[in-house]
Amino acid sequence: NAGVTQTPKFQVLKTGQSMTLQCAQDMNHEYMSWYRQDPGMGLRLIHYSVGAGITDQGEVPNGYNVSRSTTEDFPLRLLSAAPSQTSVYFCASSYSTKDTQYFGPGTRLTVL
Amino acid sequence: GENVEQHPSTLSVQEGDSAVIKCTYSDSASNYFPWYKQELGKRPQLIIDIRSNVGEKKDQRIAVTLNKTAKHFSLHITETQPEDSAVYFCAASKGYKLSFGAGTTVTVRA
């Protein structure tokens, strides 16, 4: 099993550009989530999904969109990048919210 | 929403000594409390978790305690080793949302 994979590993954007961060898992997990990690602030939940076709907002959803068309994939879209979105983004998956969450390797995003 | 506070933010211990990290949470309905370890440049990985119907859980040199009345939980690492140096995050969950503390950077001095 590959576990949770994320692409790209690094990305530099200009303010106003849009892009999609990819996340996939091969463990048949129903629950998937996106976090951003900033220095001194831990991990903050952006969006999550409890199954295909079901998504909801987390703690910091503004400026991001998600969709879940399959169990395996959970892409995160930045609509119009801003410097405040410079961060490390982690995708995670688990059988449920009360089971081990497995994190992907992360995407380091810089917005100029 | 849930608010998780974690202390201390940094912790330096001598190899072989114990390390203790404490977290408090705000929502009494939270019922799942995992701890994650993140090494530099790596992804967070679960090291231990506890559910609200349990007061204490141990796994080798790591233990977690939960006080539901006071709404706080702690991570205890005994006989620390250099490989324990990392950032540790506590988290609390109610329903579908997991809220993390800000993290504790643990340095084990040889």
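The values are calculated or read from the model by the stated rules, or taken from the named source; none is laboratory data. Computed from a prediction, not measured in an experiment: that's the story for all the values here. Note that we place each Cβ from the backbone using ideal geometry, even for glycine, and neighbour counts take in every protein chain shown. Ligands, DNA and RNA are stripped out before the accessible areas are found, and what is left, the full protein with its side chains, is counted by its heavy atoms. Shrake-Rupley method; radii C 1.70, N 1.55, O 1.52, S 1.80 Å.
Structure summary
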{"quantity": "Dimensions (Å) - chain B, Cα atoms, principal axes, largest first", "calculated": "41, 27, 20"}
{"quantity": "Environment charge at B:GLY95 (Cβ cut-off 15 Å; Lys +1, Arg +1, Asp -1, Glu -1)", "calculated": "-2"}
{"quantity": "Per DSSP, loop chymotrypsin sites (Phe, Trp or Tyr not before Pro) in segment A:34-112 with at most 15 further Cβ within 10 Å", "calculated": "A:TYR95"}
{"quantity": "Local electrostatic count at A:ASP26 - Lys and Arg +1, Asp and Glu -1, tallied over other residues with Cβ under 14 Å", "calculated": "-3"}
{"quantity": "Euclidean distance between Cα centres, segment A:12-69 to segment B:48-110, Å", "calculated": "25 Å"}
{"quantity": "Buried area at the A-B interface (accessible, heavy atoms, 1.4 Å probe, summed, Å²)", "calculated": "1700 Å²"}
{"quantity": "For segment A:47-112, size of Cβ-based charge dipole, Lys and Arg +1, Asp and Glu -1, in debye", "calculated": "140 debye"}
{"quantity": "Residues of chain B: accessible area per residue with a 1.4 Å probe, Å²", "calculated": "51 Å²"}
{"quantity": "log10 of Debye I(q)/I(0), alpha-carbon scatterers only, for segment B:1-64 at 0.14, 0.29 Å⁻¹", "calculated": "-0.51, -1.44"}
{"quantity": "Residues of type aspartates and glutamates that B:LYS22 reaches as a straight line, Cα spacing below 16 Å, ignoring anything fewer than 8 places off in the same chain", "calculated": "B:GLU5, B:ASP49, B:GLU56"}
{"quantity": "Cα-derived Rg to Rh of chain A, Kirkwood definition", "calculated": "0.94"}
{"quantity": "Cα-centred dipole magnitude for chain B, charges only on beta-carbon of K, R (+1) and D, E (-1), debye, nearest 20", "calculated": "340 debye"}
{"quantity": "Cα-only radius of gyration and Dmax that characterise segment B:55-110, units Å", "calculated": "13.0, 42"}
{"quantity": "Ratio Rg/Rh, restricted to the protein assembly as shown and using Cα atoms, in which Rh is the Kirkwood radius", "calculated": "0.97"}
{"quantity": "Candidate lysines - alpha carbon under 29 Å from A:LYS9, same-chain residues fewer than 8 apart omitted", "calculated": "A:LYS98, B:LYS37, B:LYS42, B:LYS97"}
{"quantity": "Choice from B:VAL20, B:VAL54, B:VAL87 with maximal GNM fluctuation in chain B (Cα, 10 Å cutoff)", "calculated": "B:VAL54"}
{"quantity": "Solvent-accessible area of B:HIS72 with every protein chain in place, 1.4 Å probe, in Å² to the nearest 10", "calculated": "70 Å²"}
{"quantity": "Residue of A:SER18, A:SER33, A:SER94 that the Gaussian network model of chain A assigns the largest fluctuation, springs spanning Cα pairs under 10 Å", "calculated": "A:SER18"}
{"quantity": "Cα gyration tensor shape of segment A:4-50, rounded if a/c is under 1.5, else prolate or oblate by comparing a/b with b/c", "calculated": "oblate"}
{"quantity": "Environment charge of B:VAL108, counting only residues whose C-beta is closer than 15 Å and scoring Lys/Arg +1, Asp/Glu -1", "calculated": "-3"}
{"quantity": "Trypsin sites (Lys or Arg not before Pro) lying in DSSP loop within segment A:1-107, provided at most 12 other Cβ fall within 10 Å", "calculated": "A:LYS9, A:LYS14"}
{"quantity": "Extended-chain gain in nm, criterion 0.36 nm per residue less alpha-carbon gap, A:ARG108 and A:ARG77", "calculated": "9.7 nm"}
{"quantity": "10 Å-binned pair-distance histogram of segment A:33-97 (Cα, whole percent)", "calculated": "21, 55, 22, 2"}
